[in-house]
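The values are calculated or read from the model by the stated rules, or taken from the named source; none is laboratory data. Keep in mind that this is a model prediction, so the values were computed, not measured. Glycine gets a Cβ as well: all are built from the backbone with ideal geometry, and neighbour counts include every protein chain shown.
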Amino acid sequence: MTHPLNSHQRLQAAMAIGTRAEPRDLDVLIARCRIEPDFFVRDMLTWALTRLPADDTVARLVAELDSPLPQAISQSLHTLSKIGDVRAWPAMDPARIGNALIAHADTEVARSAWRAAVALVPGEDRDELASALVAQLGRGDLEMQKSLSRAIVALGEDLVSVVDERLHAEDDTVRAHAMATRDMFDDPDAGFAHVLDAAKRVVALGSETTV
């Protein structure tokens, strides 16, 4: 999987490594995840890593979360979410490390952290995670806000009260995002752009929302 290979060749190489699933390939897979520019190749690299024993991969992927390279962090988070091993949770638990990953300045790192945290959070830590995620309401563009809302909703409707606390936030963007997220609890299949636009209109009119 050297750099001169084109994307199709790199995809085939990652597939071959995943098919044979030998732990000796762990180093080259993780190294490639840090720099691979093609989305489909990165996805194949993740698949190859999920084929290796979790006892070998989880600790190495967690170590990548301290990398100075945003792609190394986001790809490791994505892979950890696919492996689904709860041993990775302490590395992203906001109660232990603050919101370093969930509030990361890099968009892709933050989005990957949201998805990974929701996938790995133990039941007893769901409230803490929900509060950390809700603190990010209003951040980013439409796609980023949609990702965050989906992550919050995926935690379970019993945590909707955490979102309700932000329905009267001073910031209009936060308030609209909270309203849209609240609507998604009621109708998860609703188009996010539509519910966010509706929420923005309510905020602009200065209407009070009842829940």
Inset, instruction - Scan segment 170-202 for residues that are under 21 Å from the mean Cα position of the chain (by Cα) and assigned to a loop (DSSP other than H, G, I, E, B) and jot them down. - result: P188, D189, A190, G191
Inset, instruction - Would you mind finding the one in W114, W89 that is among the aromatic types (F, W, Y) and surrounded by fewer than 21 Cβ atoms within 10 Å (Cβ to Cβ)? - result: W89
Legend entry - Sole residue being over 24 Å from D172 (Cα atoms), buried (at least 20 other Cβ atoms within 10 Å of the Cβ) and not polar (S, T, N, Q), chosen from L133, L69, L120: L120
Legend entry - Looking only at segment 130-161, and only at residues there that are touching a helix residue (DSSP H, G or I) at 6+ places or on another chain (Cβ under 7 Å) and of a type in the set (S, T, Y), the one that is farthest from F185 (Cα to Cα): S131
Inset, instruction - Select from segment 151-191 the residues that are of a type in the set (A, V, I, L, M), crowded, with 19+ Cβ neighbours inside 10 Å and either free of Cβ contacts under 8 Å to residues at least 24 places away in the same chain or in contact with a Gly (Cβ under 6 Å, 6 or more places away or on another chain) (or both) and list them in ascending order. - result: V174
Inset, instruction - Mind listing just one residue for me: the one in segment 65-99 that is among the aliphatic types (A, V, I, L, M) and farther than 24 Å from I35 by Cα and, of those, modelled with the highest pLDDT? - result: V86
Legend entry - Unique match (being over 30 Å from L142 (Cβ atoms) and assigned to a helix (DSSP H, G or I)) among R42, R24, R34: R24
Inset, instruction - Run I97 past the list (1) crowded, with 22+ Cβ neighbours inside 10 Å; (2) under 17 Å from the mean Cα position of the chain (by Cα); (3) of a type in the set (V, I, T) and report the number of the one that doesn't hold. - result: (1)
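Any residue at all in segment 125-135 that is within 24 Å of R34 (Cα to Cα) and not in a loop (DSSP other than H, G, I, E, B)?
Scanning segment 125-135 turns up no residue that is within 24 Å of R34 (Cα to Cα) and not in a loop (DSSP other than H, G, I, E, B).
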Inset, instruction - Return a yes/no flag: does segment 117-126 have any residue that is within 29 Å of V86 (Cβ to Cβ), of a type in the set (G, A, S) and at pLDDT below 95. - result: yes
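Quick grid of which residues meet (1) hydroxyl-bearing (S, T, Y); (2) closer than 21 Å to V109 by Cα; (3) surrounded by 15 or more Cβ atoms within 10 Å (Cβ to Cβ):
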residue	(1), (2), (3)
I17	no, no, yes
P23	no, no, no
I30	no, yes, yes
D43	no, yes, yes
T50	yes, yes, yes
A59	no, yes, no
V62	no, yes, yes
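Here's the yes/no breakdown for (1) aliphatic (A, V, I, L, M); (2) free of Cβ contacts under 8 Å to residues at least 12 places away in the same chain; (3) farther than 26 Å from S149 by Cα:
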| position | (1), (2), (3) |
| --- | --- |
| C33 | no, no, yes |
| M44 | yes, no, yes |
| D56 | no, no, yes |
| Q75 | no, no, no |
| M92 | yes, no, no |
| G98 | no, yes, no |
| D106 | no, no, no |
| A119 | yes, no, no |
Legend entry - Residue among A48, A31 that alone is in contact with a Gly (Cβ under 9 Å, 6 or more places away or on another chain) and at pLDDT 95 or above: A48
